[in-house]
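The values are calculated or read from the model by the stated rules, or taken from the named source; none is laboratory data. Not measured: the values here are computed from a predicted model. Glycine gets a Cβ as well: all are built from the backbone with ideal geometry, and neighbour counts include every protein chain shown. Calculation scope for accessible area: heavy atoms of the full protein, side chains included, ligands and nucleic acids excluded. Shrake-Rupley method; radii C 1.70, N 1.55, O 1.52, S 1.80 Å.
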Amino acid sequence: MSDTVFRDVELPEGRRDVVMRGGIVADITAPGTAAGATIIDGRGGALLPGLHDHHLHLHAMAAAADSVRCGPPDVLDLDALAAALVAAQGDWIRGVGYTETVGGLLDRAALDLLVPDRPVRIQHRSGALWMLNSPASELAGLDRGTHPGIERDANGIPTGRLWRADDWLRAHLPHSPPPDLRAVGQQLTRSGITGVSDATPDLSSATLDALVTAHRTGAVPQRLQLLGVGIDDTASFDDTITVGPYKIVIADSALPDFEDLADTILRAHACHRPVAVHCVSRVALALLLAVFDDVGVLAGDRIEHGSIIGADAIADLAARGLRVVTQPGFVADRGDDYLRRVDAGDLPDLYRCRSLLAGGVHTAMSSDAPYGPLDPWVVIAAAVQRRAPTGEIVGAGERVTAAEALDGYLAPLDDPGGPPRRVQVGADADLVLLDRPLADALAAPAAQRVRCTVIAGQVLVE
């Protein structure tokens, strides 16, 4: 079995040679002393454990890449939206990234004015809402649909808006094969990401099979943790695909009944499975904490997003041992919109980082791609700067250092917010080589700093 040696790389203890063998870190020696069949000259660049994105959506990322952009910065008003939709190719038009600043919450009548003759479906940038024009509504059978997320007017006629109804909509659209994930895997690898948690809830058997196949064929070489596997399915697939906490969505458009939410969490806990709860509002967090008081907390229970967390809730989170998987990249991506549309009293509570860490809450970084920026280095910079696109600061008190933000990407997939992984003998050879020392890279975080990405000892980017 041949060795691969990273020659002269920067580790926390100084410049060293690092030997990979059989998918693990086999040895760390003084510079210039290790020998191997393959030598990669680190030239003093930092060698890190591979980054982990603790919350994203792989299939949605691939689909978004083939969809029409319907929101800022590409589309700012209805005229621009109409032009983008009309120029789209294909029988069906799929749009993503829409926000109300373009033209309010669209319904089928508003979309008919833009495109009357082809079926159009547009996803809100939150991922919570689909908006369909009349041709799309008729082809999907909205009039006959019974899903509670199908919005209806006072006369019982569907408005064309579907809330949290992705599975229903997918089942009523023309059949199409799962999207090709190869470009997604390459994008993750170029950014230095070697492991991901797919946070898509309620994965169908076909979607689950497609994700597993994409990994095993190398299209997505990253280690996978899947949150959307059935509540009582706790068996791991293999060493590189695992079942994570059970994903639960608290939808603010229709808050769950207290007893129903409690029952779902209890069923997951009975299977020795923590929960990962989508929670974006103050009301949703209050409901969730009350339910946890009733049913108890299992080690590993986590809150996804934590978009608004009041200062008085931080001690409650820490006392319960709850983790928060958050996305400060939204501040860089949507901060101007937040400053205009979020209540001023909520702005200090938005995508907290510093106060959570200071309060003893295990906090992990993630992208929520495609709904937020995927690039981990963009997210790290956002956590440091808290700067909106126009330059205004959103939550200056929540800034963290670049090293602290990086640590939020270095925790194990099954321990978000836990101690950051280190390059050490016996560890998995999931590694990222930067083109410069770490301090210099963190002074101006950018994916271009990634020279080499390794997963299970296999060099994928060099």
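For n ≥ 4 DSSP H runs only, could you compute -39500 (n - 2.57) per run for the chain, divide by its residues and tell me the 222 nm figure to the nearest 500?
Working: 16 runs with 142 residues, N = 462.
Dividing the helical sum by the residues of the chain leaves -8500 deg cm²/dmol.
Is region 303-462 best put as rounded, prolate or oblate by its Cα gyration tensor, with a ≥ b ≥ c the root eigenvalues, rounded for a/c under 1.5, and otherwise prolate when a/b is larger than b/c, oblate when not?
Working: a/c = 2.26, a/b = 1.44, b/c = 1.57.
The shape class here is oblate.
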Problem set entry | Ranked by how many other beta carbons lie within 10 Å on average, peptides 267-277, 407-417, 247-257 from highest | 407-417, 267-277, 247-257
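For Cα pairs less than 8 Å apart in space and 6+ apart in sequence, what is the mean separation divided by the residue count of region 324-462, i.e. the relative contact order in percent? Don't skip to the end; give the middle numbers.
Numbers: 227 pairs, mean separation 32.3, N = 139.
Relative CO of region 324-462 lands at 23 percent.
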Exercise. For a paramagnetic label modelled at 7 Å from the Cα of Ala443 toward its Cβ, which residues of region 376-420 fall within the zone defined by backbone nitrogen distances under 16 Å?
Worked result: 402-403
Problem set entry | Within region 213-318: Cβ-based charge dipole about Cα centre, in debye rounded to nearest 20 (Lys, Arg +1; Asp, Glu -1) | 500 debye
Exercise. Going by average Cβ neighbours within 10 Å, how do the peptides 430-438, 387-395, 352-360 rank, with the highest at the top?
Worked result: 430-438, 352-360, 387-395
Exercise. Given +1 on the Cβ of Lys and Arg, -1 on the Cβ of Asp and Glu, and no further charges, what dipole in debye does the chain carry about its Cα centre, rounded to the nearest 20?
Worked result: 860 debye
Exercise. Which distance in nm do the two modelled labels at Asp312 and Arg182 give, with both placed 7 Å along the Cα-to-Cβ direction?
Worked result: 5.6 nm
Exercise. Can you give the Rg to Rh ratio for the chain, taking only C-alpha atoms and Rh from Kirkwood?
Worked result: 0.98
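Starting from 0.36 nm per residue, how many nanometres of slack lie between Asp74 and Thr213 once their C-alpha separation is accounted for? Write out the running numbers ahead of the final one.
On the way: separation 139, 0.36 × 139 = 50.04 nm, distance 3.39 nm.
Stretched out fully, the Asp74 to Thr213 stretch lengthens by 46.6 nm.
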For this session: Throw me the Rg/Rh for region 140-197, computed over C-alpha atoms with Kirkwood Rh, two decimals.
Result: 1.23
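Please report, in debye to the nearest 20, how large the charge dipole of region 409-462 is about its Cα centre when each Lys and Arg carries +1 at its beta carbon and each Asp and Glu carries -1 there.
Working: 5 positive and 7 negative charges, 38 e Å.
Result for region 409-462 is approximately 180 debye, rounded to the nearest 20.
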Problem set entry | P(r) histogram, all alpha-carbon pairs of region 99-151 included - 10 Å bins from 0, percent | 24, 55, 20, 0
Problem set entry | Label zone at Leu347 (point 7 Å along Cα-to-Cβ), backbone N below 20 Å, region 384-401 | 384-400
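Given the convex hull of the Cα atoms of region 188-255, what is a quarter of its surface area in nm²?
On the way: hull surface 22.6 nm².
Taking a quarter of the hull surface, the average projection is 5.6 nm².
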Exercise. Any idea how far apart His175 and Asp239 come out in nm if each label point goes 7 Å out from Cα toward Cβ?
Worked result: 3.8 nm
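Using a 1.4 angstrom probe, figure out how much accessible area the chain has per residue, in square angstrom, rounded to the nearest whole. Provide the component values of the computation, followed by the final result.
On the way: 18840 Å² over 462 residues.
Result: 41 Å² of accessible area for each residue.
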For this session: May I ask you to give the average projected area over all directions of the convex hull of the Cα atoms of region 314-358, in nm² rounded to one decimal?
Result: 3.5 nm²
For this session: Give the residue from Ala251, Ala268, Ala183 lying farthest towards the positive end of the charge dipole for region 163-283; charges sit on Cβ (+1 for Lys and Arg, -1 for Asp and Glu) and the dipole is referred to the Cα centre.
Result: Ala183
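Quick check on packing: order 364-371, 137-144 by the mean number of other C-beta atoms within 10 Å, highest mean leading. Please list the in-between numbers first.
Numbers: 364-371: 26.4, 137-144: 17.8.
For the peptides 364-371, 137-144, the packing ranking is 364-371, 137-144.
Whenever you get a sec, compute what percent of the accessible area on the chain sits on carbon and sulfur atoms (1.4 Å probe). Show your work: numbers first, answer last.
Numbers: 9660 of 18840 Å².
Its accessible area is 51 percent carbon and sulfur atoms.
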Exercise. Can you run phi through the Karplus equation (6.51, -1.76, 1.60; θ = phi - 60°) for region 434-443 and list ³J(HN,Hα) in whole Hz, with x for Gly and Pro?
Worked result: 8, 8, 7, x, 4, 4, 5, 5, 6, 5
For this session: State log₁₀ I(q)/I(0) for region 240-319 at q = 0.18, 0.21 Å⁻¹ as given by the Debye formula over alpha-carbon point scatterers of equal weight, solvent excluded.
Result: -0.71, -0.96
Exercise. Which listed residue (Val280, Ala318, Leu227) has the Cα farthest towards the positive end of the charge dipole for region 210-344, taking +1 on Lys and Arg C-beta and -1 on Asp and Glu C-beta about the Cα centre?
Worked result: Leu227
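Let me have the relative contact order for the chain, percent, based on Cα pairs under 8 Å that are six or more residues apart. Please report the intermediate quantities before stating the final value.
Numbers: 1005 pairs, mean separation 82.2, N = 462.
Reported relative contact order: 18 percent.
Where does the charge balance sit around Ala447 when Lys and Arg score +1, Asp and Glu -1, over other residues with C-beta under 9 Å from its C-beta?
Values: positive: Arg190, Arg449; negative: Asp375.
Surrounding charge for Ala447 is +1.
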For this session: For region 87-193, state the semi-axes of the equivalent ellipsoid (square roots of 5 times the eigenvalues of the alpha-carbon gyration tensor), sorted largest first and rounded to whole angstrom.
Result: 27, 16, 15
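Taking Cα pairs under 8 Å and at least six residues apart, what relative contact order does region 90-182 come out at, in percent? All intermediate terms of the calculation are to be shown ahead of the outcome.
Values: 143 pairs, mean separation 22.7, N = 93.
Worked out over region 90-182, it gives 24 percent.
Per the Cauchy relation, a quarter of the hull surface: what is the mean projected area of the convex hull of the alpha carbons in region 204-357, in nm²? The partial results should precede the final answer.
Numbers: hull surface 42.1 nm².
Value for region 204-357: 10.5 nm².
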